[in-house]
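Just below is one structure, and these are the notes that go with it.
The values are calculated or read from the model by the stated rules, or taken from the named source; none is laboratory data. No experiment lies behind these values; they were computed from the predicted model shown. Side chains included, ligands, DNA and RNA excluded: accessible areas come from the protein's heavy atoms. Shrake-Rupley method; radii C 1.70, N 1.55, O 1.52, S 1.80 Å.
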Amino acid sequence: MSRFEDSFWVGGGFEELHRYMKQGSESSKDLETVLADRADLENIYANNLHKICKKAKKAFKRALGTTLKAAWQKLIDKFDSEEEVHRLLAASLSQDCCKPLKTFTELQVKQREAAVVTVEKQARIHSEKYKQQLRVKKLTHKQCRELEISYDQLEDMRTGKGKSVSEKDVNKLEKSCRRMEEGLVKTDREYREITIKTEEARLSWEAAMYKGLQTLESLEQERLMHTSEKLVKYSQLLQTVVTPTEQVSHTHTHTLHICAYQYHCLPGL
């Protein structure tokens, strides 16, 4: 199986992966929002059932006949039961799905950004060293070229080519060449040192990149697993509503059938 550290090295791969991971975190936040909205909806539904139950209790007081009162009482009891079912569902969605998902996502964002910051820091250090290396390299080439030109001029003076010059001018150019040689030696040493530091920075950057990619892959696997677990939990919680609701419906139907039977059995009907 292809792993992150084998796939996101070149062409801005790490940045692309970071962008993808941020989208994953946003997706988890969206899921948490949806589940929170569903929990709010269950609370609203439970509150509305409570209001209906209060109205039913008022109607129960005005109900005439023993049979009708029994039907009203059954209706009120089941309203209470159904209200409790939806209120418990709302609480379970909040405690078992929304809050854990929010906490998990926030922790993952911190862990992801910590890994990204480390990689970006090492990448910045390498970039700065590389720029210094190019600057010193350019300076070394420039000094080397200038020294070659000076030596060519000195050779021409010694061999008598070109215009005639004095011994003083020759000595002056010789001193200038020696100073340029000393400067070139110093610059060349600096170039070697910065080249070593640049390579060390590159290796540190690659090590941080490798570790960062492993961390991001682990975080993504954990996110997918955690999200899947919360969706399964959500499905299980919904099942806790289905059975009690069906029981309420069956009880209502049974009570109404009894009422209808007793009504038709009344004398004169």
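Before moving on, here are some points about what is shown:
- Accessible-area ranking of Glu220, Glu182, largest first, probe 1.4 Å: Glu182, Glu220
- Apportionment of accessible area to carbon and sulfur, segment 99-218, percent (1.4 Å): 53
- Max-minus-min Cα coordinates of segment 76-163 on each principal axis give 123, 16, 7 Å, with the largest extent listed first.
- Each residue was assigned an accessible area with a 1.4 Å probe, and for Cys97 the value is about 0 Å².
- For segment 37-192, projected area of the alpha-carbon convex hull averaged over all directions, nm²: 17.1
- Share of Cα-Cα pairs in segment 123-245 lying beyond 23 Å, as whole percent: 64
- Entries of Lys172/Lys197; Lys102/Lys131; Lys142/Lys172; Lys138/Lys172; Lys110/Lys233; Lys129/Lys211 with Cα pairs more than 32 Å apart: Lys172/Lys197; Lys102/Lys131
- Spatial separation of Cα centroids for segment 182-229 and segment 128-143, in angstrom: 21
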